[in-house]
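Structure, as structure tokens:
Bear in mind these aren't lab numbers, they're just calculated from the coordinates by the rules spelled out. Keep in mind that this is a model prediction, so the values were computed, not measured. Cβ: placed from backbone, ideal geometry, glycine included. Neighbour counts: every protein chain shown.
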Amino acid sequence: MTEHPRLSARIAAIAESATLKVDAKAKALQAEGRPVISYAAGEPDFSTPEYIVEAALAATHDPKNYRYTPAAGLPDLREAVAAKTLRDSGLEVSPGQVVVTNGGKQAVYQAFQVLLDDGDEVLVPTPYWTTYPESIKLAGGVQVDVFAGADQGYLVTVEQLEAARTERTKVLLFVSPSNPTGAVYSAEQTKAIGEWALEHGIWVVSDEIYQNLTYSDEVGGPAPRAVSIVEAVPGLANQTILVNGVAKTYAMTGWRLGWMVGPADVIKGAANLQSHLSSNVSNISQRAAIAALNGPQDAVEEMRQAFDRRRRTIVAELSKIEGVTVPVPQGAFYVYPDVSGLLGREWGGVTPATSLELADLMLEQADVAAVPGEAFGPSGYLRFSYALGDAPLLEGVQRLQRLFG
Ligand code: GLU
């Protein structure tokens, strides 16, 4: 009898999502009664705005939502996404260029499945969100890291991308605002990178899930716009997939509602894949998303202002810890300090050598959860999500000030 490995090589090669893992661990400890303050998952603490919940409630009473609907999404939602894409990404698309997915994560997965053949290379600005490498691997792609550290504001340059380009480079991943760093590319930087991709025939997968969450350097000042790469370089539209969703902007992480937008042939391919993988996203969530995108956007602005306030607090408080360097994030709701100055020193009887060990130490000794840099690239960093309430946000950092004081 032939001996087969129990798991396929494809699945054996991937790991559990590190962000979800740390989040689950923090929640389990809280359930046991430990006073854990968690900066782990990027998940707004707000309720989904009421007008969105109302739309979902109404949808539960409409029998047409009890049945299968088109795999690529409800026509009204695809239209709303097309309007939102024009509004925020400056790109005119038809509803047929939209596939509604089970969260942005499925859109990321499908984008790489549709574009990559075995051995195709993807340039990945590093630090990167923990899910991209696994999605690329599952599609047979080869990830090529392009590292930009705190000293360059976590922003890669065209020169770095060009140095990493080979004959096999098919895709550039572009994420602005970035998870995990909160870095936002300026309009000029975005344009330069887009023009470079266009010149070399490189596809772009642009994850825009945080595009509505950007912050000004001055209190009350206008927030910088995260200019979409297809707005900066319109010629790129025929080789770009935009990924987005309602989770972060509308406090709807649990509703699982994202989408991808792209050229018609690519979108048709993704819709074919989805018709076998998961079919339509829950109609209730789709109806809620229509309300979110087409309704008043005041609640979004209120949440953005709260995130901005928390961003200022956490940056100021983390900066007080000696050995921690804190670049000021301009978008998303993450801060990504360089904590290498804390490594190799003794804290409460433990000498962490890596940010992974440092995160364990913080959880053990201060009941504070953050995601170690190892989840996003090199060691030496921690990711803090500041999408939690103002009071726990402050208390958690104060615990760290005491631990590392
Ligand atoms: N995207 C969020 C994060 O980075 C949610 C968790 C996840 O899906 O990774 O924390």
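Some observations on this one:
- Note on the range 121-212: along the principal axes its Cα atoms extend 30, 28, 25 Å, ordered by decreasing extent.
- Dimensionless Rg ratio for the range 168-226, taking C-alpha atoms and the 2.2 N^0.38 Å reference: 1.27
- Taking a quarter of the surface of the Cα convex hull of the range 280-326 gives a mean projected area of 5.4 nm².
- Local net charge near Ile267, Cβ-Cβ under 15 Å (Lys/Arg +1, Asp/Glu -1): -1
- Rounded to the nearest whole angstrom, the semi-axes of the ellipsoid equivalent to the range 269-405, taken from the Cα gyration tensor as √(5λ), stand at 36, 21, 13, largest first.
- Karplus (6.51, -1.76, 1.60) ³J(HN,Hα), θ = phi - 60°, over the range 262-269, in Hz, Gly and Pro reported as x: x, x, 4, 5, 5, 5, 4, x
- q = 0.15, 0.18 Å⁻¹, the range 217-325: log10 I(q)/I(0) [Debye, one scatterer per Cα]: -0.92, -1.10
- Ordering of 351-360, 224-233 by packing is 224-233, 351-360, highest average first (other Cβ atoms within 10 Å, averaged per residue).
- Karplus-based coupling profile of the range 359-364, in residue order and whole Hz: 5, 4, 4, 5, 5, 5, with θ = phi - 60° in 6.51 cos²θ - 1.76 cosθ + 1.60 and x standing for Gly or Pro.
- Alpha carbon convex hull of the range 339-380, projected area averaged over orientations, nm²: 2.6 nm²
- Here the peptides 333-345, 10-22, 251-263 are ranked by packing, the mean other Cβ count within 10 Å, and the order with the highest first is 251-263, 333-345, 10-22.
- Among Gly140, Gly349, Gly201, residue whose mean-square fluctuation peaks in a GNM of the chain (springs only between Cα atoms under 10 Å): Gly349
- Top of Glu195, Glu301, Glu346 by mean-square fluctuation, Gaussian network on the chain, Cα under 10 Å: Glu346
- Potential lengthening of the chain between Glu322 and Arg6 amounts to 108.9 nm, from the contour at 0.36 nm per residue minus the alpha-carbon distance.
- With each label modelled as a point 7 angstrom along the Cα→C-beta vector, the Ser282-Lys191 pair spans 4.3 nm.
- Multiplying the residue separation of Thr157 and Asn294 by 0.36 nm and subtracting their alpha-carbon distance yields 45.7 nm.
- For the range 327-405, the pair-distance distribution built from all alpha carbon pairs, in bins 5 Å wide starting at 0, is 3, 15, 26, 29, 17, 8, 2, 0 percent.
- Taking every Cα-Cα distance in the range 13-161 and sorting them into 5 Å bins from zero, the calculated P(r) comes out as 2, 7, 10, 12, 15, 17, 16, 11, 7, 3, 1, 0 percent.
- Environment charge at Ile14 (Cβ cut-off 14 Å; Lys +1, Arg +1, Asp -1, Glu -1): +2
- Evaluating 6.51 cos²θ - 1.76 cosθ + 1.60 at θ = phi - 60° for every residue in the range 223-232, the Karplus couplings come out as 6, x, 8, 7, 6, 5, 5, 7, 7, 5 Hz, glycine and proline recorded as x.
- Between the range 207-266 and the range 69-127, the alpha-carbon center distance in angstrom: 11 Å
- For the range 59-116: span of alpha carbons on each principal axis (Å, largest first): 38, 27, 16
- Value of relative contact order over the chain, rounded to a whole percent, pairs C-alpha under 8 Å and six or more apart: 23 percent
- Magnitude of the charge dipole for the range 46-205, about its Cα centre and with charges confined to Cβ atoms of Lys, Arg (+1) and Asp, Glu (-1), is about 460 debye.
- Only helices enter this figure: runs of n ≥ 4 DSSP H residues, each worth -39500 (n - 2.57), summed and divided by the residues of the chain, yield -12500 deg cm²/dmol at 222 nm to the nearest 500.
- Contour minus Cα-Cα distance for Asp118 and Ala28 (0.36 nm per residue): 28.5 nm
- Given charges at Cβ of Lys, Arg, Asp, Glu: the range 68-121 dipole, positive-most of Ala80, Gln97, Gln110: Ala80
- Proximal lysine pairs, the chain, alpha carbons under 17 Å, eight or more residues apart or interchain: 5
- Under the shape rule built on the C-alpha gyration tensor, where the axes satisfy a ≥ b ≥ c, the chain is rounded, since a/c falls short of 1.5.
- Note on Val53 and Gln401: with the Förster distance fixed at 51 Å, the Cβ-Cβ geometry gives a FRET efficiency of about 0.85.
- Length-normalised contact order for the range 245-381 - Cα pairs under 8 Å, 6+ apart - percent: 13 percent
- Taking all Cα pairs closer than 8 Å and separated by 6 or more residues, the relative contact order of the range 168-263 comes to 28 percent.
- Here the chain is treated with +1 on each Lys and Arg Cβ and -1 on each Asp and Glu Cβ, and its dipole about the Cα centre works out to around 800 debye.
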